[in-house]
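This report refers to the structure that appears directly beneath it.
The values are calculated or read from the model by the stated rules, or taken from the named source; none is laboratory data. Quick caveat, the model's predicted, so the values are computed rather than measured. All Cβ positions, even for glycine, are placed from backbone atoms using ideal geometry, and neighbour counts span all protein chains on display. For the accessible areas, the whole protein counts, side chains as well, though only heavy atoms, and no ligand, DNA or RNA atoms are used. Shrake-Rupley method; radii C 1.70, N 1.55, O 1.52, S 1.80 Å.
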Amino acid sequence: MRKSKSNIYIFIMIGVLAAVSSFLYPQRVAAAPALPVPSITIGVGEAGNPQEMATSLQILFLLTILSLAPSILVMMTSFTRVVVVLSFMRSALATQQTPPNQVIIGMALFLTFFIMAPTWSQINQNALKPYMEAQITQEQAFNNALNPLRDFMFKQTREKDLALFIKLANIQRPKTFDDVPTYVLIPAFVTSELKTAFQIGFILFIPFVVIDMIVASSLMSMGMLMLPPMMISLPFKILMFVMVDGWHLLIRSLILSYQ
């Protein structure tokens, strides 16, 4: 009991001393440096002169281009054909999620960079560099950047698909490629890319379907009706794909289809 009372007295004395020290030395406590808290302010004000207005419009145009960049990458480049063919390849092998979606999309993205490198080099030389050096206007830079993309899309677009969208747009029959609007060219190009990708996918499926049929017929002739044919055919598919160096042939065919 005495020890417990003495402990209580000690705690009370420590509390009293702490309170007294805080009153006797208030300046030392207040002098402790406070952590700086950053402040961020975003505001929209009126433009004071036409130059500020032009700068604001340029920033707005740049933000619009950045927001549309994924769509431009997917719909106006070789990305659509490449990613669809790679997906068909995985389905033909029947390996489910191998390779995973991240690998397929990443592979399609870098193959798109490789295929589109000459086009983007022209855009850099004719549009981006002159505009950064203030040699051409913003409108001229946009037209110079769009022309290489249009040339690329025209080479891969079928006349039948282009004629379809020209008819649906109710415009006059163009005499030259320059008379075709871009909003007509883009959906025609995407339609042609999808058709080409499905044609390549059909060719990819043929050897693997033959293997499935041979394995299924062999199992049925041996009376193994309860054994799933996919369990037996999958190793043979992978073996055949590795022996013929399938990824090399597939990527080579994809790249050569744009040349």
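A cut-off under 14 angstrom between Cβ atoms defines the neighbours of GLY246, and their net charge, with Lys, Arg +1 and Asp, Glu -1, is +2.
Modelled spin labels at MET75 and ASN101, positioned 7 Å past Cα toward Cβ, are 2.1 nm from each other.
Taking 7 Å steps out from each Cα toward its Cβ at ASN170 and TRP247 produces label points 5.2 nm apart.
What's the local net charge at ALA127, with K and R +1, D and E -1, over the other residues with C-beta under 12 Å away? Net of charged neighbours comes to -1. Take the alpha carbon atoms of the stretch 116-158, find their center, do the same for the stretch 190-251, and report the distance between the two centers in whole angstrom. Each part's Cα centre sits 42 Å from the other's. The residues of the stretch 55-193 expose on average 61 square angstrom of accessible surface per residue, using a 1.4 Å probe on protein heavy atoms. Note: relative contact order over the stretch 119-255, using C-alpha pairs below 8 Å and six or more positions apart, is 16 percent. Report, in listed order, any pair from LYS129/LYS167; LYS167/LYS195; LYS155/LYS237 with a Cα-Cα distance greater than 28 Å. Among LYS129/LYS167; LYS167/LYS195; LYS155/LYS237, the Cα-Cα distance tops 28 Å for LYS129/LYS167; LYS155/LYS237. Note on MET231/LYS155: beta-carbon distance plugged into 1/(1 + (r/R0)^6) with R0 of 41 Å gives a FRET efficiency of 0.40. Using C-alpha pairs below 8 Å separated by at least 6 residues, the relative contact order for the stretch 90-161 is 24 percent.
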